[in-house]
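Visitor: Structure below; questions to follow.
The values are calculated or read from the model by the stated rules, or taken from the named source; none is laboratory data. From a predicted model like this one, the values you see are computed outputs, not experimental measurements. FYI the Cβ positions are ideal-geometry reconstructions off the backbone, even for glycines, and counts take in every protein chain you see.
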Amino acid sequence: MASEEMEQLVRREYKQGFVTDIESDTVPPGLDESTIAFISQKKGEPEWMLEWRLEAYYQWLKMTTPSWAHLEYPPIDYQAISYFSAPKKPEDRPQSLDEVDPKLLETYEKLGIPLHERAALAGVAVDAVFDSVSVTTTFKEKLHEAGVIFCSISEAIREYPELVRQYLGTVVPQADNYFAALNSAVFTDGSFVYVPEGVKCPMELSTYFRINAANTGQFERTLIVCDKRAQVSYLEGCTAPQRDENQLHAAVVELVALEDAYIKYSTVQNWYPGDENGKGGIYNFVTKRGDCRGDRSRISWTQVETGSAITWKYPSCMLRGKESVGEFYSVAVTNGRQQADTGTKMIHIGENTRSTIVAKGIAAGRSDQAYRGLVKIGPRAKGARNYTQCDSLLIGDQCGAHTFPYQEIGNSTATVEHEATTSKIADDQLFYCRARGIDEEDAVSMIVNGFCKDVFQELPMEFAVEAEALLNVTLEGSVG
Amino acid sequence: MLEVKDLHVTIEDKAILKGLDLTVNAGEVHAIMGPNGAGKSTLSAVIAGKDGYEVTQGTILFEGQDVLEMEIEERARAGLLLGFQYPIEIPGVKNIYLLKAALNAQRAARGEGEIPAPEFMKLVREKSAEMKMDPSFLQRAVNEGFSGGEKKRNEILQMLVLQPKLAMLDEIDSGLDIDAMKVVADGVNSLRSADRAILMVTHYQRLLNHIVPDRVHVLVDGRIVKSGDKDLALELEARGYEWVLEESVA
């Protein structure tokens, strides 16, 4: 079959993703109390959870979509979304790789994704996901020995209700913002991690290893709690381009670090950015916040954002504990028609708190991106320090980069430094590399990777290598 | 090896080169001298393929190939290499990484596989020792925070690793103290061979005491107005450019 026909077929399949036959496991589009009750019941949740969801829902009804971001998109019809649907049945999914968009497969190839994983990523009906059940079992045993809880949020609500109840919504309250409120009302998936006192999690945790995470939820809710002196490194996402029939994604991630705890949260996000015109791409409205609740606690966000049609995301740190530390390292790449408004908030509350922000933005094609960062130093945050560095790199002359730094300094003992640069990928750098025989595309990726180095070196080793490959694929065809 | 014929070049409609002829054979070292603004740097930039220059007339042939039809990287892979007057800084990209990428790109163009890592390390260590560069330079970002002399040595290091057929050196002596000049000159001299040519652009005769040219050309107002052997450079040093101009007009 010609690849064009193939693509059409795949696209048609895509459209029909919103299965029309109403089975018992799927609710029709629309959102009201009964939808929420249905979700809560399907998940086997206790009464308090349903109440919590409904509280969020009532708050959400009174709220309006934020409009301050530097983004353009048509209004979202929240009644047109189906808030609970069972995963596609195997017979409805592509039966083999031959039925998958060849372009997608080509990208997997370039990213060096092992053959057996490609099928799973492309949504092909395979029996054993990643055929690594044994790996997962060993993994679970190890965590169990260490006393680390790592499971889906739904399972946690059923199995560890006290822990969830104690922390859920304490970092991102139900009515924090429009999308967080929506998420609080209807979330159906996500992870829960609890690392007990004094435990250093024996391995990096990744959703990849959570068996039931094969399909990314539209409204994910993740809660990570590190008790006193505990440590964990959590990896979210995947470098492979992920397609999803749900256009709107509104996740919430809450991190809680108690005394001397350290949470490192790394994300590589590469959702479908849409076609050349940005059509069909994912809207990603995420609320991520970490609470350094205990003294000397530390939370570190590292993100590589390359996908989605629209990204609205500001991983933040509340630095409450004395001498607590917040870090944000970010690389955001936009190409084609992508739009990204991303950055961070560092809220210094406790004494001698420190924060570091390193944000690198790369815009190519006709994309547009903004860095938006707030550094707030409260009146009691004596001796607080912040260092911010944000650099933008433009490729071509049809893209845009904007920087919106906000600073609110509430006492005179704080030290706040801010450095910002915007540069066009320098013609002379390109010429220099090409005059050594390196072709233009390789030269661009070399220069861009160099530009991002400060952030990449914060990523876990394996992720860093993947991130470089991903950057190259994302920027393909952005010059010349 | 290199044959430039009747080359006319403009920058933003301003004529810089106005009918330049130059022939460089394998095994030869040529020096182009001339007053500021004569078009010396333009010549090497155009041969390397830099943007912003418009060739309105004339041809450049390299081993019989039409250089003007080739992409920048194709010219480099064919063996045309330009050493920059102001080497460019590339933050975050290790020097050794650039060297390896460049060498492998050239090897690929010749149908050879990538150079094995141990062989590459040996080569690079050897060559950086020749340039009296500490191995730590290889791990630093390309030219970032390098002194003027370090940058120039780095340019020659690239030449030693990449082994071009025609090495073009644009004001390689500018900003060098005597010791650095000696190191750079030794590096360039080690490149001299029967199957390689070197084209130097320079203001000053002093470089030519260290790298003795076979031919010296005087470039004035977009044309080569006088050519000679190494003694011409000495004469220029003593008498300036005026007399050449007068002679050429007459």
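Visitor: Any residue at all in the range A:65-78 that's surrounded by fewer than 19 Cβ atoms within 10 Å (Cβ to Cβ), in a helix (DSSP H, G or I) and among the hydroxyl-bearing types (Ser, Thr, Tyr)?
Guide: There is at least one residue in the range A:65-78 that is surrounded by fewer than 19 Cβ atoms within 10 Å (Cβ to Cβ), in a helix (DSSP H, G or I) and among the hydroxyl-bearing types (Ser, Thr, Tyr).
Visitor: If you take the residues in the range B:153-182 that are away from chain A (no Cβ under 14 Å) and under 23 Å from residue A:437 (Cα atoms), which one is surrounded by the fewest Cβ atoms within 10 Å (Cβ to Cβ)?
Guide: Top of the filtered list is B:171.
Visitor: Also, I was wondering about something else. Hey, does the range B:117-135 have a residue that's within 13 Å of another protein chain (Cβ to nearest Cβ) and in contact with a Leu (Cβ under 7 Å, 6 or more places away or on another chain)?
Guide: No: the range B:117-135 contains no residue that is within 13 Å of another protein chain (Cβ to nearest Cβ) and in contact with a Leu (Cβ under 7 Å, 6 or more places away or on another chain).
Visitor: Kindly indicate which of B:92, B:37, B:64, B:111 is on the phi > 0 side of the Ramachandran plot, within 13 Å of chain A (Cβ to nearest Cβ) and at pLDDT below 95.
Guide: Matching residue, one of B:92, B:37, B:64, B:111: B:92.
Visitor: Further, regarding this structure: If residue A:304 satisfies all but one of (1) outside any strand (DSSP E or B); (2) more than 19 Å from residue A:180 (Cα to Cα), what's the number of the condition it fails?
Guide: (1)
Visitor: Can you list the strands (runs of 3 or more DSSP E) lying wholly within the range B:154-250 that have 1 or more residues being touching a residue at least 12 places away in the same chain (Cβ under 8 Å) and not aliphatic (A, V, I, L, M)?
Guide: B:166-170, B:215-220, B:223-228
Visitor: I'd like the residue in the range A:387-403 that is in contact with an Asp or Glu (Cβ under 7 Å, 6 or more places away or on another chain) and assigned to a strand (DSSP E or B) and, out of all such residues, is nearest to the other protein chains (Cβ to nearest Cβ).
Guide: Among residues in the range A:387-403 that are in contact with an Asp or Glu (Cβ under 7 Å, 6 or more places away or on another chain) and assigned to a strand (DSSP E or B), the one nearest to the other protein chains (Cβ to nearest Cβ) is A:389.
Visitor: I need every pair where a residue in the range A:126-151 that is on the phi < 0 side of the Ramachandran plot has its Cβ under 6 Å from the Cβ of a residue that is outside any helix (DSSP H, G or I) and at pLDDT below 80, sequence separation at least 6 or different chains.
Guide: Within 6 Å, the pairs are A:129/A:214.
Visitor: Further, regarding this structure: Looking at the range A:461-479, which of the residues that are under 15 Å from residue A:305 (Cα atoms) and among the polar types (S, T, N, Q) is farthest from the other protein chains (Cβ to nearest Cβ)?
Guide: Only one residue tops the list, namely A:474.
Visitor: A further question follows. If a residue has to be of a type outside the set (Ser, Thr, Tyr), in a strand (DSSP E or B) and under 13 Å from residue A:407 (Cβ atoms) to count, how many in the range A:344-384 make the cut?
Guide: 11
Visitor: Based on what the data block shows, is residue B:50 within 14 Å of chain A (Cβ to nearest Cβ) and touching a residue at least 12 places away in the same chain (Cβ under 8 Å)?
Guide: Yes, satisfied.
Visitor: If you don't mind, there's one more thing I want to ask. Touching a Phe, Trp or Tyr at 6+ places or on another chain (Cβ under 9 Å) and aromatic (Phe, Trp, Tyr): is that true of residue A:432 in this structure?
Guide: Answer is yes for this residue.
Visitor: Can you go through B:31, B:15, B:76 and tell me which one is surrounded by fewer than 16 Cβ atoms within 10 Å (Cβ to Cβ), small (Gly, Ala, Ser) and either assigned to a strand (DSSP E or B) or modelled with pLDDT of 95 or more (or both)?
Guide: B:15
Visitor: Of these, B:23, B:56, B:10, which one is surrounded by fewer than 15 Cβ atoms within 10 Å (Cβ to Cβ), away from every other protein chain (no Cβ under 14 Å) and in contact with a Ser or Thr (Cβ under 7 Å, 6 or more places away or on another chain)?
Guide: On inspection, the qualifying residue turns out to be B:56.
Visitor: Still on this structure: Would you tally the residues in the range A:404-460 being touching a residue at least 24 places away in the same chain (Cβ under 8 Å), among the charged types (D, E, K, R), more than 17 Å from residue A:474 (Cα to Cα) and within 13 Å of another protein chain (Cβ to nearest Cβ)?
Guide: Residues flagged as touching a residue at least 24 places away in the same chain (Cβ under 8 Å), among the charged types (D, E, K, R), more than 17 Å from residue A:474 (Cα to Cα) and within 13 Å of another protein chain (Cβ to nearest Cβ) within the range A:404-460 amount to 1.
Visitor: Still on this structure, please answer the following. Test of understanding: among B:97, B:86, which residue is part of a loop (DSSP other than H, G, I, E, B) and within 9 Å of chain A (Cβ to nearest Cβ)?
Guide: Result: B:86 is the single residue among B:97, B:86 that is part of a loop (DSSP other than H, G, I, E, B) and within 9 Å of chain A (Cβ to nearest Cβ).
Visitor: On to the next question. If you take the residues of the range B:183-202 that are more than 26 Å from residue B:220 (Cα to Cα) and of a type in the set (Ser, Thr, Tyr), which of them is surrounded by the fewest Cβ atoms within 10 Å (Cβ to Cβ)?
Guide: B:193
Visitor: What residue, of A:330, A:367, A:324, is crowded, with 24+ Cβ neighbours inside 10 Å, without any contact (Cβ under 8 Å) to a residue 60 or more places away in the chain and not β-branched (Val, Ile, Thr)?
Guide: Going through A:330, A:367, A:324 in turn, the sole match is A:367.
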